[in-house]
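Asker: Below you'll find the structure I mean.
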Amino acid sequence: MKNMSRRQFIGTLGLTGAVMALGLAGCGSNGGNSASTGSSDSKVETIKSRGKLNAGVKKDVLGYGYLDPATNKYQGLEIDLCYQLAAAVLGVSYDEAKEKDLVAFTDVTPKTRGPLIDNDSLDVVVATYTITDERKKSWDFSTPYRTDHVGILVKKSAGFQTMTGLNGKVIGVSQGSTTKDLVTKMLQENNFNVTPTFQEFPDYPSIKSALDAGNVDAFAMDRSTLKTYTTDDCELLQPDIEFGAQDYGVATKKGSDLSKVVDDKVNELLSNGWIDQEIKDWGLL
């Protein structure tokens, strides 16, 4: 309970009533409730009691997190990684975690993923979540399990094939992402004397729809994401310019005991080649 709520509660019921209601040990108590109170602070124990890992994932990024409409099942590297994490926490094998469906998936967006960790709706977010110094102030991140780069998708009929063609153009980006700043930095560092504008959208399909409708001139995002939306009439703009390295990590609640379990597992999967194999299996090379 937050401090403000506790003060309000005490002010309403009085100190004695508040202590009784909160189940805190008082003078002369045998402290019988202290163990249960302490255990509630353990993310690992909470997951074990629940019997499932609550994971935030993408539903629209092929190879990472994709909800197949034909099967209504999630699939991709990050989905498999969630089962590995569930297995590590619950003390079962990876195969058993998959067979028994020991992960409850929730699709997230760049705007919702952090708050859903904060309010304990999610235990982990494994959703092409880029590690930044700013984000590390609010959440714990595992060692990166994958590094990607930003790309800019345009229509082949756009009439330009270099970054200079972006002058005065509208670039669609995702709300809450780092993409806008990374594109701006790339243009400055490469001395492209252009000034595009940016329009934010709540999800990737909305950006692609805006591109198809001509409401934006380009779609900027991680290249792995753009791969999902690259149709025959679209292409990456100057793909030889590699910029905006995106280190993807598993996010957990700041300071939780789950963070170390997650990081240890990710490092194990990196060292034993499991993630490298997943990258090949899902065509992410």
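Asker: Quick one: what does P(r) look like for the range 174-221 with 10 Å bins over all Cα pairs, in whole %?
Answerer: For the range 174-221, the binned pair fractions read 26, 51, 23, 1 percent.
Asker: Average projected area of the Cα convex hull of the range 166-285, in nm²?
Answerer: Across all orientations, the range 166-285 yields a mean hull projection of 9.6 nm².
Asker: Which three extents, in angstrom, do the Cα atoms of the chain have along their principal axes, listed largest first?
Answerer: Taking the Cα atoms of the chain, the three principal extents are 80, 46, 35 Å.
Asker: What's the FRET efficiency of Gln188 with Asp281 using the Cβ-Cβ distance as r and R₀ = 35 Å, to the nearest 0.05?
Answerer: Computed FRET efficiency for Gln188 and Asp281 comes out at 0.40.
Asker: Tabulate in residue order the Karplus-calculated ³J(HN,Hα) for the range 88-103, using 6.51 cos²θ - 1.76 cosθ + 1.60 with θ = phi - 60°, rounded to whole Hz; enter x for Gly and Pro.
Answerer: Values, residue by residue: 5, 6, 8, x, 10, 7, 4, 4, 5, 4, 6, 4, 8, 6, 8, 10 Hz.
Asker: Please report, in whole Å, how far the alpha carbons of the range 84-176 spread along each principal axis, starting with the longest.
Answerer: Rounded to whole Å, the extents work out to 56, 30, 22 Å.
Asker: Just to check I understand the Karplus step: with θ = phi - 60° and J = 6.51 cos²θ - 1.76 cosθ + 1.60, what whole-Hz values come out for the range 63-77, glycine and proline as x?
Answerer: Rounded to whole hertz, the list is x, 10, x, 9, 8, 6, x, 6, 10, 6, 10, 7, 8, x, 4.
Asker: For the chain, modelled as a Gaussian network with Cα springs under 10 Å, which listed residue fluctuates most, Phe141, Phe219, Phe192?
Answerer: Evaluated over the chain, the most mobile residue of the options is Phe192.
Asker: Let me ask something else about it. So which trypsin sites (Lys or Arg not before Pro) in the range 118-194 pass both tests, a DSSP loop state and at most 11 other Cβ atoms within 10 Å of the Cβ?
Answerer: Filter output for the range 118-194: Lys137.
Asker: Which value in deg cm²/dmol, rounded to the nearest 500, describes the helix-derived mean residue ellipticity at 222 nm for the chain, given -39,500 (n - 2.57) per DSSP H run of n ≥ 4 and division by the residue count?
Answerer: -11000 deg cm²/dmol
Asker: Between Glu45 and Lys73, what's the calculated FRET efficiency when r is the beta-carbon distance and R0 is 25 Å? Round to 0.05. All intermediate terms of the calculation are to be shown ahead of the outcome.
Answerer: Values: r = 29 Å, r/R0 = 1.16.
So the FRET efficiency works out to roughly 0.30.
Asker: Continuing with the same structure: Estimate the FRET efficiency between Gln199 and Ser93 by the formula 1/(1 + (r/R0)^6), using the beta-carbon distance for r and 51 Å for R0, to the nearest 0.05.
Answerer: Numbers: r = 46 Å, r/R0 = 0.91.
About 0.65, to the nearest 0.05.
Asker: Based on a Kirkwood Rh over C-alpha pairs, give the Stokes-Einstein translational diffusion coefficient of the range 201-265 at 20 °C and viscosity 1.002 mPa s in µm²/s.
Answerer: 146 µm²/s
Asker: Another question, if that's okay. May I ask you to list the lysines whose Cα is less than 27 Å away from that of Lys227, ignoring any residue fewer than eight positions away on the same chain?
Answerer: Those lysines meeting the cut-off are Lys58, Lys59, Lys73, Lys98, Lys111, Lys155, Lys156, Lys169, Lys180, Lys185, Lys208, Lys280.
Asker: In a GNM of the chain with a 10 Å cut-off on Cα contacts, which of Asp257, Asp181, Asp80 has the highest mean-square fluctuation?
Answerer: Asp181
Asker: Any idea what angle helix 204-213 forms with the longest principal axis of the chain, computed on alpha-carbon atoms, 0 to 90 degrees, nearest 10?
Answerer: So the inclination is approximately 20 degrees.
Asker: Percent antiparallel among DSSP beta bridges with both residues in the range 138-285, to the nearest 5?
Answerer: 65 percent
Asker: What does the C-alpha gyration tensor say about the overall shape of the range 140-222? Classify as rounded when a/c is under 1.5, otherwise prolate if a/b is larger than b/c, or oblate.
Answerer: Details: a/c = 1.97, a/b = 1.29, b/c = 1.52.
The shape class here is oblate.
Asker: Of all beta bridges DSSP finds with both residues in the chain, what is the antiparallel percent, to the nearest 5? The partial results should precede the final answer.
Answerer: Numbers: 21 of 35 bridges.
Bridges in the chain are about 60 percent antiparallel.
Asker: Using only Cα atoms, find the angle between the long axis of helix 179-189 and the longest principal axis of the chain, and express it within 0 to 90 degrees, rounded to the nearest 10.
Answerer: Between the helix axis and the principal axis of the chain, the angle is about 50 degrees.
Asker: If amide H atoms are built 1.01 Å from N in the plane of the peptide, which residues on other chains or at least 5 residues away come under 5 Å of the amide H of His149?
Answerer: Here Arg223, Ser224, Gln246 satisfy the definition.
Asker: So, one more: Given a cut-off of 22 Å, what percent of all Cα-Cα pairs of the range 100-256 lie beyond it?
Answerer: 44 percent
Asker: Over the chain, calculate the relative contact order: mean separation of alpha carbon pairs under 8 Å at least 6 apart, over the residue count, as a percent.
Answerer: Rounded, it is 23 percent for the chain.
Where a number appears in this text, it was derived from the coordinates with a stated rule and is not lab data. Not measured: the values here are computed from a predicted model. Neighbour counts are summed over all protein chains in view; Cβ atoms, including those assigned to glycine, are modelled from backbone coordinates with ideal geometry.
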